[in-house]
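Everything on this sheet refers to the single structure shown next.
The values are calculated or read from the model by the stated rules, or taken from the named source; none is laboratory data. Since the model is a prediction, treat every value here as computed from it, not as a measurement. A quick note on method: Cβ atoms are made from the backbone with ideal geometry, for glycine too, and the neighbour counts reach across all protein chains shown.
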C-alpha cells in the first residue's frame with residue numbers, strides 16, 4: 001500500500017514538474033495542478049496511512065495514534081484542495097484572457113521561430 005502511494009506521489013510530482021517546464025501556459029497550469037495533487041498525497045501520507053481507523057475519538061477507547069487516524073493531515077489536505085481549486089480557476093481565467101489578447105498561449109507570448 002505504501003509503495004503504491006509513494007509511486008503515485010512520485011509519478012504525479014514528476015509529471016507535474018515536466019509539464020511546468022513546457023512553453024505553453026495551459027501545460028504550466030496542468031503541471032501546477034498535478035504538483036498540488038502530489039503535495040496533497042504527501043501530506044496525507046505523512047499522517048500515517050491507516051485503513052479503517054476512525055479519525056474521531058470513541059468513548060472507552062484510549063486516544064492514541066495506534067488506534068485512530070490523525071485528523072490534522074486530513075484537515076490540511078482538505079484546505080489545500082480548496083486553495084488549489086481557487087488557484088487553478090484564477091490561473092485558467094488569466095491564461096484565457098492572455099490567449100484572447102495575444103493570440104498565443106506560449107509563456108513568453110510569442111511562437112518560437114522555426115528554421116525552414
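Things worth noting here:
- Residue within the stretch 73-84 that is in contact with a helix residue (DSSP H, G or I) (Cβ under 7 Å, 6 or more places away or on another chain), part of a helix (DSSP H, G or I) and closer than 18 Å to residue 25 by Cβ present: yes
- Residue within the stretch 2-21 that is at pLDDT 90 or above, under 19 Å from the mean Cα position of the chain (by Cα) and assigned to a loop (DSSP other than H, G, I, E, B) present: yes
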